[in-house]
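Asker: Would you mind keeping the following structure in view while I ask a few things?
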Amino acid sequence: MNKLFNAIAAGSAVAALGLGASAAQAADATATATAEILEQVTIVQAADLDFGTIVPSTTAASTVAIAANAAGTRTCGAGLTCAGTNASGQFNVTGSNGQTVDITDNGSSAVLTSGGDTMGVAFNFSSATLAMTGAAVPLYVGGTLNVGISQPTGVYTGTIAVSANYQ
């Protein structure tokens with residue numbers, strides 16, 4: 001019986017030491033939670049992309065290109081006659097100062113249409129990213145228009161859809 005009592009006492013002592021050891025190893029810590037709220041990015045259309053007036057060739061297809069910059073320089077392809085005014089398109093983008101915004105084509109049409117007639121177009125932007133300054137930052141849109149042989153007469157239109165999102 002004495003042996004049983006000694007075994008129980010020894011087991012209790014070991015259990016007490018084990019409990020004391022884990023309590024001595026406990027530690028607490030804290031961390032700070034933060035959140036930064038940025039101004040909502042806005043993008044506003046300021047000017048339409050205008051390829052100007054074009055007289056097509058009767059012998060060859062060609063292209064008309066508008067540079068994606070403030071000047072909107074036009075390059076009229078071989079065999080075409082370009083006249084009238086032209087301009088690059090422009091959007092104004094605003095966001096929180098010091099942040100960078102990514103620019104993406106958001107489903108722009110790949111064609112300009114006039115009734116049932118079409119011309120393919122590829123749009124390009126002055127930049128794929130813009131550094132926000134706290135004021136409106138211009139984003140210019142240019143493009144290359146594919147003019148067919150004896151392209152039918154008409155006023156051709158399409159859409160340019162642009163997204164601006166923080167990186």
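Asker: Within the stretch 77-92, identify whether any single residue is surrounded by 16 or more Cβ atoms within 10 Å (Cβ to Cβ) and farther than 14 Å from Phe51 by Cα, and answer yes or no.
Answerer: yes
Asker: Quickly run through the stretch 93-112 and pick out the residues that are surrounded by fewer than 14 Cβ atoms within 10 Å (Cβ to Cβ), under 18 Å from Ala136 (Cβ atoms) and of a type in the set (Gly, Ala, Ser).
Answerer: Result: Gly98, single match.
Asker: Return a yes/no flag: does the stretch 93-103 have any residue that is hydroxyl-bearing (Ser, Thr, Tyr), at negative phi and free of Cβ contacts under 8 Å to residues at least 40 places away in the same chain.
Answerer: Within the stretch 93-103 (the criterion being hydroxyl-bearing (Ser, Thr, Tyr), at negative phi and free of Cβ contacts under 8 Å to residues at least 40 places away in the same chain), the answer is no, since none of the residues qualifies.
Asker: If you don't mind, another one. Out of Pro56, Pro138, I need the residue that is within 30 Å of Thr42 (Cα to Cα) and surrounded by 15 or more Cβ atoms within 10 Å (Cβ to Cβ). Which one?
Answerer: Pro138
Asker: If a residue counts only when it is among the acidic types (Asp, Glu), which strands (runs of 3 or more DSSP E) contained entirely in the stretch 31-115 have at least 1 such residues?
Answerer: 100-105
Asker: Output the residues belonging to the stretch 28-39 that are in contact with a strand residue (DSSP E or B) (Cβ under 9 Å, 6 or more places away or on another chain) and farther than 14 Å from Ala136 by Cβ.
Answerer: Scanning the stretch 28-39 gives a single hit, Leu38.
Asker: Further question on the same structure: Filter the stretch 126-135 down to residues that are modelled with pLDDT of 95 or more and either crowded, with 21+ Cβ neighbours inside 10 Å or at positive phi (or both), then give me how many there are.
Answerer: Of the residues in that region, 2 qualify.
Asker: A follow-up question, please. Do you know which residues across the stretch 116-125 are in a strand (DSSP E or B) and more than 18 Å from the chain's Cα centre (by Cα)?
Answerer: Once the filter is applied, which keeps residues that are in a strand (DSSP E or B) and more than 18 Å from the chain's Cα centre (by Cα), the stretch 116-125 yields Asp117, Thr118, Met119, Gly120, Val121.
Asker: Do you know which of the residues in the stretch 89-112 that are among the polar types (S, T, N, Q) and over 16 Å from Ala128 (Cα atoms) is modelled with the lowest pLDDT? Before you say what the answer is, go through the steps one by one.
Answerer: Kept after step one, since they are among the polar types (S, T, N, Q), are these residues of the stretch 89-112: 90, 92, 94, 96-97, 99-100, 104, 106, 108-109.
So of that shortlist, the ones also over 16 Å from Ala128 (Cα atoms) come out as 96-97, 109.
Numbers: Ser96: 97, Asn97: 97, Ser109: 85.
The residue in question is Ser109.
Asker: Moving on to the next point. For the stretch 141-164, what are the residues that are under 13 Å from the mean Cα position of the chain (by Cα), small (Gly, Ala, Ser) and either more than 16 Å from Gln45 (Cα to Cα) or surrounded by 14 or more Cβ atoms within 10 Å (Cβ to Cβ) (or both)?
Answerer: In the first step, residues of the stretch 141-164 are kept if they are under 13 Å from the mean Cα position of the chain (by Cα); the result is 161-164.
Cutting the leftovers down to small (Gly, Ala, Ser) gives us 161, 163-164.
Matches in the stretch 141-164: Ala164 only.
Asker: Please work out which one of (1) surrounded by 10 or more Cβ atoms within 10 Å (Cβ to Cβ); (2) over 30 Å from Ser163 (Cβ atoms) is the condition Asn69 fails and give its number.
Answerer: With (1) surrounded by 10 or more Cβ atoms within 10 Å (Cβ to Cβ); (2) over 30 Å from Ser163 (Cβ atoms) applied to Asn69, the lone miss is (2).
Asker: Please verify whether the stretch 10-19 includes one or more residues that are modelled with pLDDT of 50 or more, out of contact with any helix residue (DSSP H, G or I) (no Cβ under 7 Å at 6 or more places or on another chain), surrounded by 10 or more Cβ atoms within 10 Å (Cβ to Cβ) and under 30 Å from Ala110 (Cβ atoms).
Answerer: no
The values are calculated or read from the model by the stated rules, or taken from the named source; none is laboratory data. Worth saying up front: this structure is predicted, and the values here are computed from it rather than measured. Because the Cβ atoms are built from the backbone with ideal geometry, glycine has one as well, and the counts that use them run over all protein chains shown.
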